[in-house]
Amino acid sequence: MKPSEEERRQLERISSYLLRRVGEVAGAKGVACRGILVGSAARNTWLSGDRDIDIFLAVPEDGDITAALEIAREIAPEHEERYAEHAYVHARIDGFDVDLVPCYDVSDPSRIKSAVDRTPFHSRYVSERIKGMEDDVRLLKQFMKGVGVYGSDLRTGGFSGYLAELLVIHYGSFLRVLEGASSWRPGTRIDLAQGADISGPLVVIDPVDPNRNVAAALTLDRMFQFVAAARCFLNSPDISFFFPPEVQRMHPDEIRAEIARRGTEFVLLEISAPDMVDDVLYPQMRKAEAAVRGLLEREGFQVLRSDVDLVRGGDVRARLLLELSIWELPSVRRHTGPPVWEAEHASRFVRGNPSPLSGPYIDDGRLVVEIPRRYRRAVDLLKGEIHRISLGKHLSSGRVRALSTREIIEMMDEDLAEFLTAYLTKKVRIC
């Protein structure tokens, strides 16, 4: 959990080299630009095994941020360009994942020109207050990782490293964070500055920007997954909270047997997706998941649970998994129309259903007909009607495959087996 002296020396060597290179390349180009080490590496709150270095390339407020990007490209010739609010360089250097991020060197956080300009102020704020509590932050981060709530990306919806640091600063230690969290309720607010009226499952006012909630990415479920784990740990501390046993991927035969034991039906939608960052695709996948559930339930099928996954490598595929407790319906369905006293609507309803299996008849004052059901099976409904619902901006134009349980088992690969294992073994600590 705590980095070894060798790890510390390696990180210091690489970060010092990169900061020196920023100065050298900027000087050679005649660009006013300074390198700033930020993140947990700068604040000595990083965990053993973490190999991340974040260097910000700060240009004056009236400077050219594209010049900083050019410097980053020269420092790391073999790189991948990524995009947040603007482009930055990601590279692998001597075993470290390095992000070289251009930003504006603003003098006051209220004058930021992009969200990344706020980060150096975060580093300064934490560095000035975290002395003596660095190991408490490490304990908290490892605990959050162990119970599955660490990461503010939109896939995880959990706690960021900065949020963990602020919680330790606010409460004073790892154990006090857990004690405080044990009594959290939806809407709990922690004011580290006089902040704006912001709502959310947990509100932690950013002391650098009082109009911002540091916990904005945290979902209600992840918040209370952490609360439940905190209560369990305080009740019965155990190392497994920090280092849980690894879940072994189930064999396809085990998955088939578990599905049979549940007595449900699974449907898997595979949608071809563009090669975009997770934080763009995951929100759209969740919207697509809700749209598909809505379609199924409107037609009388019943969804027990669902989840999403993203497969990269070659083609990018979004996977929507739906478990149905009702997946096959009778050939006839009831179609209820308007009240009989609404003469015009009643006549239109009768004309619109000229050949019902039964009816029209009156039930509780309304017209009713019984008509053939177009889709008896959920998988057939999805195959036939998926194109009629919105799957989101970047997914609606993708190719879609709908697979039944039998087809899922037949085409099982390692990624799908891992996804199904996580789904079938899902469990949180509750005491």
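Every number in this text was worked out from the coordinates using simple rules, so none of it is lab data. Worth saying up front: this structure is predicted, and the values here are computed from it rather than measured. No Cβ is skipped: glycine too gets one built from the backbone with ideal geometry, and neighbour counts run over all protein chains shown.
Okay, helix-only estimate at 222 nm for the chain: each DSSP H run of n ≥ 4 adds -39500 (n - 2.57), divide by all residues, round to 500 deg cm²/dmol; what do you get?
Helices in the chain give a 222 nm mean residue ellipticity of -12000 deg cm²/dmol.
Just how large is the dipole of segment 5-129 about the Cα centre, in debye to the nearest 20, putting +1 at every Lys and Arg Cβ and -1 at every Asp and Glu Cβ?
Here segment 5-129 has a charge dipole of around 280 debye.
In terms of Cα to Cα distance under 28 Å, which lysines are near enough to Lys113, apart from those fewer than 8 places away along the same chain?
Lys29, Lys393
In segment 332-431, what trypsin sites (Lys or Arg not before Pro) fall in a loop by DSSP, with at most 12 other Cβ atoms inside 10 Å?
Arg374, Lys393, Arg399, Lys426, Lys427
Which whole-percent values make up P(r) of segment 332-372 when all C-alpha to C-alpha distances are grouped in 10 Å steps starting at zero?
Binned Cα distances yield the sequence 36, 57, 8.
Give me a comma-separated list of calculated 3J(HN,Hα) values for segment 18-29, in order, Karplus coefficients 6.51, -1.76, 1.60 applied at θ = phi - 60°, integers in Hz, x for any Gly or Pro.
Per-residue couplings from phi come out as 5, 5, 5, 5, 4, x, 5, 5, 4, x, 5, 8 Hz.
Would you tally the net charge around Val369, using a Cβ to Cβ cut-off of less than 14 Å, leaving Val369 out, and scoring K and R as +1, D and E as -1?
Summing Lys/Arg as +1 and Asp/Glu as -1 gives +4.
For helix 343-352, report the angle its Cα long axis makes with the longest principal axis of the Cα atoms of the chain; keep it between 0 and 90° and round to the nearest 10°.
So the inclination is approximately 90 degrees.
Relative to the first principal axis of the alpha-carbon coordinates of the chain, what is the inclination of helix 134-146, with its axis defined by its Cα atoms, in degrees from 0 to 90 and to the nearest 10?
Relative to the chain, helix 134-146 is tipped by roughly 20 degrees.
Work out how far the C-alpha atoms of segment 254-325 reach from end to end along every principal axis, then list the three figures in whole Å, largest first.
That gives 36, 32, 16 Å along the principal axes, largest extent first.
Would you order His387, His122, His251 from fewest to most other beta-carbon atoms within 10 Å of each residue's own beta-carbon?
Sorted ascending by nearby Cβ count, the order is His387, His251, His122.
What number comes out for the charge environment of Leu320, summing +1 per Lys or Arg and -1 per Asp or Glu over other residues with Cβ under 15 Å away?
In short, 0.
If you add up the charges near Gln302, with Lys and Arg at +1 and Asp and Glu at -1, over every other residue whose beta carbon is less than 12 angstrom from its beta carbon, what do you get?
Result for the local shell: -2.
Cα gyration tensor of segment 5-129, axes a ≥ b ≥ c as square roots of the eigenvalues: rounded (a/c below 1.5), prolate (a/b > b/c) or oblate?
The shape class here is oblate.
To the nearest 20 debye, what charge dipole does the chain have about its Cα centre, counting +1 at the Cβ of each Lys and Arg and -1 at the Cβ of each Asp and Glu?
In total the dipole reaches around 1200 debye.
What GluC sites (Glu not before Pro) in segment 242-315 are in a loop by DSSP, with at most 14 other Cβ atoms within 10 Å of the Cβ?
Of the GluC sites (Glu not before Pro), the ones in loops of segment 242-315 whose Cβ has at most 14 other Cβ atoms within 10 Å are Glu246.
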